[in-house]
Amino acid sequence: MNIRLACLAIVLFYNHNVVAEEEHNYIQGFALQHRINHDKFLAKKEFVGDWMVLLKNFKDDIISTHLKQPSKSQTIDTVLEIILSEDITQKITPMVFIRTKINAAGEASSILGFPPFNFQDKEKTVLDWKGFTGKLTFAKNQDNLTVDFKIPYLLLNTEKQFLLFDKLHLNALFDPDLIVDKLDLIWKQFRHRDENGELDVHDLKFNLQVEKQEVNITNATLNVKKILINDGFFNSSLTDLGLTAQGKIDNGVVNYKINTHIAKSFSNTKFTPNEPVIINYQADFEFNRINIDAVLDWQSMVRDLQKQRQTGIISKQMLTMGKVFQLNEVLPMLLEKSPEFAITKLRLSSNNEILQATASIGFDEEVIFSLDDTSNLLPALQSQVDLTVSKKLLQQLIEPKILENLVQEVTKPNIQKLRKQAKIKTQEQIQSYIKNRWLLELDNDIYKLTANLYDGELQVNGQEKDLFFSSIELLAPPSIDEDLELDDEDKI
């Protein structure tokens, strides 16, 4: 067994999925055309890439202009064309107008403007764009960059999709390599709908700040008033979602604490609209003993990849793949400090029904092991899980997924029949867990799970389990009996 193979598997899986994403990439590239000090426009420069590639090209043009006459103030008028996919470009090619003023010290300030635009064609494509304003501020010698963008409103409605931006305000600070040091995002609403489902996000606030220490420590907070998700089967609503992530350096390691909560989660299926599951969620996580030397090496390699991305040498997908490959490279060093992931608190509650859990997985600091030798690796791995859950809540969590599996197995589902089957399958699944001692049934309709992995041995509720076969046993989906017939007297 080689742990590094797991990283490579992630890369291959990701690569398989990003190909499809590229087919739906609406922005194909950009074109910049400058006019220096009100002179004639220079030749147009076209390039492919994303917004970071655009920012790098624009910054290089400002530096080049300043270096030609470093002791004089200058003005650059720029026309930015956004080259969209062919089906959209036939209808519109958006252009942004930029005016940049550079003083003799090399400080530059750019004002961006895009006028409102409204478009509709015979294919019922509607584009309602209220324009946007922006400002770029380059410090002396372009050591850092401040970005401030505001998009008041954007609506795109086509036969295949619906996209809405409402009141987005982004403020960010970039370092000399155009890598984010600080970011603040306020977004009133984002909504997207296509054949795969719908996502609707209301009142999002996000803050990210990088602390420059021995390594870069990224702290972040996220708050969302409401998220609506519909994938065609499940319909979910999340209210008052919050996340805080904070890192700290301590004796050569990095420790991260992540606190999350959802005030209310509402979920039902298209076939059970009157039987919603309403849950309150709180969870705290910790990533402990992350080797600071491994983090430093990984961040250095990722910075080099990001620079390549900005110059268009590699694609966005290759950047993500490269990050995973580089993580694979530093993995042996990363494990030297015996890192640990812990769920210090997990609580789901619904109408007085509760699920509570704590868990951790990590490596014994006193056991020497090699990534390429399972016999050394397994004794070093240690984990523990303590979980209690109300009987009714466990049924509510399992049954909708079983119903979804049943529906997907048949062409013309008989919903009443399948709902009966789902209830039976849920009971069978829970009874299977009890029979195999994955769950212990306590008084007051409570189930309990206590598991410990130490020195290569797994104990679950006091019973020794084989690591490989027990994982298959636990995760195996319930069997689907398409021939099951239920009469009226068999209703549950």
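Nothing in this text is a laboratory measurement; each read-out follows from the coordinates by a stated rule. Everything quoted here is computed from the prediction, not taken from an experiment. Heads up, the Cβs are rebuilt from the backbone with ideal geometry, glycines too, and the neighbour counts pull from every protein chain shown.
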Suppose we flag trypsin sites (Lys or Arg not before Pro) only when DSSP calls them loop and at most 16 other Cβ atoms lie within 10 Å. Which is the longest uninterrupted stretch of the chain? 271-436
So who's got an amide H within less than 5 Å of the one on Ser73, skipping anything under 5 residues away but keeping other chains? H placed 1.01 Å off N, in plane. Ala104
Per-selection Rg to Rh, segment 216-349 - Cα, Kirkwood hydrodynamic radius: 1.09
Per residue and in cubic angstrom, what volume does the convex hull of the Cα atoms of the chain have? 182 Å³
Put in order of increasing Cβ neighbours within 10 Å, starting from the fewest, Ser390, Ser315, Ser64 give Ser64, Ser315, Ser390
Just need log10 I(q)/I(0) for segment 321-399 at q = 0.12 Å⁻¹, Debye formula, equal scatterers on the alpha-carbon atoms, no solvent, rounded to two decimals. -0.56
Which lysines, on any chain, are close to Lys124 with Cα under 16 Å apart, when same-chain ones fewer than 8 places away are left out? Lys91, Lys160
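Determine the calculated [θ] at 222 nm for the chain from helices alone, applying -39500 (n - 2.57) to every DSSP H run no shorter than 4 residues and normalising by the residue count; nearest 500 deg cm²/dmol.
The helix contribution divided over the chain gives -9000 deg cm²/dmol.
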Excluding residues fewer than 8 places away in the same chain, name every one of the lysines whose C-alpha is closer than 21 Å to that of Lys257. Lys182, Lys205, Lys212, Lys248, Lys337, Lys345
Reachable lysines, given that their alpha-carbon falls under 20 Å from the alpha-carbon of Lys465 and they are not under 8 places away in the same chain: Lys435, Lys448
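Which of His38, His261 comes first, and how do the rest follow, when ranked by fewest Cβ neighbours within 10 Å?
His38, His261
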Once both axes come from the Cα atoms, what is the angle between helix 51-68 and the longest principal axis of the chain, in degrees from 0 to 90, rounded to 10? 30 degrees
Report, by chain and number, residues whose modeled amide H sits under 5 Å from the one on Leu439, excluding near sequence neighbours (fewer than 5 apart, same chain). Ile434
With +1 on the Cβ of every Lys and Arg and -1 on the Cβ of every Asp and Glu, and nothing else charged, how large is the dipole of the chain about its Cα centre, in debye rounded to the nearest 20? 2480 debye
